[in-house]
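Student: Have a look at this one.
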Ligand SMILES: [Zn+2]
């Protein structure tokens, strides 16, 4: 059972929540994991109950590198959650991980939503955010038993063209 307060919000993940409990337990150890189907070998995110490719219910947690590319993003100017009011504007990114890109079909990939933060876990400046930039996972320790996977810009050059909303 994880029970923690984050920015004024109560986050509870029950012992029977196999979708996310293991994910956040690994995050506390600063490991990023995906559910991997043990029948066909493909990973998935979000960590749903059945494999979206072969429908098998058999799975295990598989650690991934946490490296990827910004697939899409938005800048939040109006925080709906009051706890985020003092950090607006802040970027929210969709990260496409390096693992399993274009597998099993072109356009498929492991993508997750996260905050893009700097080394002090403050929101990255909008001018630095762009589709196509390289990122890597960082783990923000919130409490003794809870850490949030976040992403920061990496030192690697972008593999292709980058694009950002006109500033
Ligand atoms: Zn499968």
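Student: Among the residues that make up region 59-71, is at least one of them within 16 Å of the ligand (Cβ to nearest atom), in contact with a helix residue (DSSP H, G or I) (Cβ under 6 Å, 6 or more places away or on another chain), within 26 Å of residue 142 (Cα to Cα) and not in a helix (DSSP H, G or I)? Break it down into steps so the answer makes sense when it comes.
Tutor: If we filter region 59-71 for residues that are within 16 Å of the ligand (Cβ to nearest atom), which is where we start, we get 59-62.
Next, from what is left, pick out any that are in contact with a helix residue (DSSP H, G or I) (Cβ under 6 Å, 6 or more places away or on another chain): 61.
With within 26 Å of residue 142 (Cα to Cα) added as a condition, the list becomes 61.
Right, trim to not in a helix (DSSP H, G or I) and you get 61.
Scanning region 59-71 turns up at least one residue that is within 16 Å of the ligand (Cβ to nearest atom), in contact with a helix residue (DSSP H, G or I) (Cβ under 6 Å, 6 or more places away or on another chain), within 26 Å of residue 142 (Cα to Cα) and not in a helix (DSSP H, G or I).
Student: Oh, and also: Name the residue, out of 103, 113, 92, that is surrounded by fewer than 17 Cβ atoms within 10 Å (Cβ to Cβ), assigned to a loop (DSSP other than H, G, I, E, B) and out of contact with any helix residue (DSSP H, G or I) (no Cβ under 6 Å at 6 or more places or on another chain). Quick ask: steps written out before the conclusion?
Tutor: Working: 113 fails: assigned to a loop (DSSP other than H, G, I, E, B); 92 fails: assigned to a loop (DSSP other than H, G, I, E, B).
Answer to the check: 103.
Student: Looking only at region 1-20, count how many residues are touching a strand residue (DSSP E or B) at 6+ places or on another chain (Cβ under 6 Å) and either farther than 24 Å from residue 109 by Cα or in a helix (DSSP H, G or I) (or both). Working first, answer last.
Tutor: First pass over region 1-20, keeping only residues touching a strand residue (DSSP E or B) at 6+ places or on another chain (Cβ under 6 Å): 2-4, 6, 11-13, 20.
Of the ones still in play, those that are also either farther than 24 Å from residue 109 by Cα or in a helix (DSSP H, G or I) (or both) are 2-4, 6, 11-13.
Residues that pass the stated criteria total 7.
Student: Could you run through region 132-152 and say how many residues are free of Cβ contacts under 8 Å to residues at least 60 places away in the same chain and assigned to a loop (DSSP other than H, G, I, E, B)?
Tutor: Count: 1.
Student: Which number in (1) under 13 Å from the mean Cα position of the chain (by Cα); (2) closer than 24 Å to residue 48 by Cβ marks the one condition that residue 102 misses?
Tutor: (1)
Student: Part of a helix (DSSP H, G or I) and surrounded by 14 or more Cβ atoms within 10 Å (Cβ to Cβ): does that describe residue 84?
Tutor: Values: part of a helix (DSSP H, G or I): yes; surrounded by 14 or more Cβ atoms within 10 Å (Cβ to Cβ): yes.
The answer is yes for residue 84.
Student: If you go through region 58-72 one residue at a time, how many are without any contact (Cβ under 8 Å) to a residue 60 or more places away in the chain and within 30 Å of residue 166 (Cα to Cα)?
Tutor: 1
The rows are residues; the columns are (1) in contact (Cβ under 8 Å) with a residue 12 or more places away in the chain; (2) surrounded by 13 or more Cβ atoms within 10 Å (Cβ to Cβ); (3) within 8 Å of the ligand (Cβ to nearest atom).
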position: 17; (1), (2), (3): no, yes, no
position: 21; (1), (2), (3): yes, yes, no
position: 24; (1), (2), (3): yes, yes, no
position: 27; (1), (2), (3): yes, yes, no
position: 30; (1), (2), (3): yes, yes, no
position: 35; (1), (2), (3): yes, yes, no
position: 40; (1), (2), (3): yes, yes, yes
position: 43; (1), (2), (3): yes, yes, no
position: 56; (1), (2), (3): yes, yes, yes
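Student: Just to be sure before I move on: is residue 48 more than 21 Å from residue 135 (Cβ to Cβ), at pLDDT below 95, assigned to a loop (DSSP other than H, G, I, E, B) and within 16 Å of the ligand (Cβ to nearest atom) in the structure I sent? Outline the logic, then answer.
Tutor: Working: more than 21 Å from residue 135 (Cβ to Cβ): yes; at pLDDT below 95: yes; assigned to a loop (DSSP other than H, G, I, E, B): yes; within 16 Å of the ligand (Cβ to nearest atom): yes.
For residue 48, the condition - more than 21 Å from residue 135 (Cβ to Cβ), at pLDDT below 95, assigned to a loop (DSSP other than H, G, I, E, B) and within 16 Å of the ligand (Cβ to nearest atom) - is met.
Student: Considering only region 21-29, I want to know if a residue exists there that is under 25 Å from residue 141 (Cβ atoms), modelled with pLDDT of 95 or more and part of a loop (DSSP other than H, G, I, E, B).
Tutor: Within region 21-29 (the criterion being under 25 Å from residue 141 (Cβ atoms), modelled with pLDDT of 95 or more and part of a loop (DSSP other than H, G, I, E, B)), the answer is yes, since at least one residue qualifies.
The values are calculated or read from the model by the stated rules, or taken from the named source; none is laboratory data. Keep in mind it's a predicted model, so treat the numbers as computed, not measured. Here the Cβ is made from the backbone with ideal geometry for all residues, glycine too, and neighbour counts use every protein chain on show.
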